[in-house]
Amino acid sequence: MSVIEARDLTCRFGDFTAVDAVSFSVAPGEVVGLLGANGAGKTTTIRMLLGLLAPTAGQALLNGGAPNRSNRAALGYVPQGLGLYPDLTVTENVAFSAQAYRCQPMPLPESLASLGDRLVGSLPLGLRRQLAFRCAVQHEPTALILDEPTSGVEPLARAHLWDEIRAQAGRGVASLVTTHYMSEARQCDRLILLADGQVVAQGTEQDIVAGTEVIALDSEDWTRLFAVLADAGFTVILSGRSVRVVDPAETSLRALLAGAGIEARWSRVPATIEERMATL
């Protein structure tokens with residue numbers, strides 16, 4: 001049985017449809033990534049799954065039932081704003097969270113335990129995100145919903161946090177993670193891609209990018225190449241000094257480069273998940 005499930009979830013604000021008939025599920029031990037640009041509908045979907053926002057249509061389910069006080073007790077949640085109290089110490093935040101969940105405070109890793117008397121508001125963002133995650137899992141939930149848990153955090157801290165998420169999956173926790181870092185897609189078992197409030201693709205990373213290619217252009221004049229293509233309206237992504245062109249009209253691309261007097265080596269290469277998103 002799915003632990004987290006959306007069935008045709010829809011949310012409208014007046015004439016604006018923020019989420020449009022979104023359906024997906026997350027099974028025990030699975031990490032599912034909810035990907036999309038800012039404004040794609042990720043946070044609105046999360047709020048409906050948590051029961052914080054009533055859907056206009058469709059169903060949000062936690063452990064087979066509509067979200068309520070009872071089944072939310074088996075859920076760990078980290079909002080974008082972290083849900084911590086900046087004027088309390090690390091130890092006091094952990095104790096408060098444990099009391100709310102009616103469990104014993106979980107021992108903290110050394111990186112946080114040594115800071116027990118520090119006010120949370122004085123900690124770097126990476127440590128605050130670690131603390132928010134620890135508070136969310138100390139009651140041993142069956143499901144985790146993490147809204148942009150690594151946003152604004154340096155790469156090493158992001159990697160450590162993903163180690164924690166995978167460890168929770170190893171003990172059977174179903175995890176739904178929203179992110180706008182496309183590089184984090186590889187950490188997920190499955191992906192759901194949102195654009196303009198709709199699911200535009202879902203499956204493994206390999207499923208989603210299968211058969212999609214981009215043109216990689218290598219040139220000594222790569223900075224000018226990038227600028228010329230961007231100014232002409234092509235979707236371009238820089239990978240090192242290689243300029244990758246997404247979903248191009250090849251004839252127009254060749255004519256543009258010839259007209260600009262730019263020489264470049266061409267190759268067709270498999271698209272990344274970020275590049276696939278740009279074609280949807």
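Derivation of every value follows stated rules applied to the coordinates shown; laboratory data play no part. Since we're looking at a predicted model, the values are computed, not measured. No Cβ is skipped: glycine too gets one built from the backbone with ideal geometry, and neighbour counts run over all protein chains shown.
Distance from a point 7 Å along Cα→Cβ of residue 54 to each backbone N in the range 5-43: keep the residues under 15 Å and list them by number. Taking a point 7 Å out along Cα→Cβ of residue 54, the residues of the range 5-43 whose backbone N falls under 15 Å are 10-14. Simple spin-label estimate for residue 98 and residue 8 gives 4.6 nm between the two label positions (7 Å along the Cα-to-Cβ direction from each Cα). Applying 1/(1 + (r/R0)^6) with R0 = 22 Å to the Cβ-Cβ distance of residue 166 and residue 206 gives a FRET efficiency near 0.75. Using a simple spin-label model with pseudo-atoms 7 Å out from Cα toward Cβ, residue 251 and residue 117 lie 7.5 nm apart.
Once R0 is set to 45 Å, what does the formula 1/(1 + (r/R0)^6) return for the Cβ-Cβ distance between residue 159 and residue 223, expressed as a FRET efficiency to the nearest 0.05? Kindly include the intermediate steps, with their values, before the conclusion.
Details: r = 31 Å, r/R0 = 0.68.
The computed FRET efficiency comes out at 0.90.
Listed options for semi-axes √(5λ) of the Cα gyration tensor in Å are (i) 31, 21, 18; (ii) 40, 23, 16; (iii) 43, 23, 16. The value calculated from this structure is the one marked (ii). Taking every DSSP helix (H) stretch of at least 4 residues in the chain, weighting each as -39,500 (n - 2.57) and dividing the sum by the residue count yields a mean residue ellipticity at 222 nm of -9000 deg cm²/dmol. Computed from the Cβ-Cβ distance with R0 of 30 Å, the FRET efficiency linking residue 266 to residue 38 stands at 0.35.
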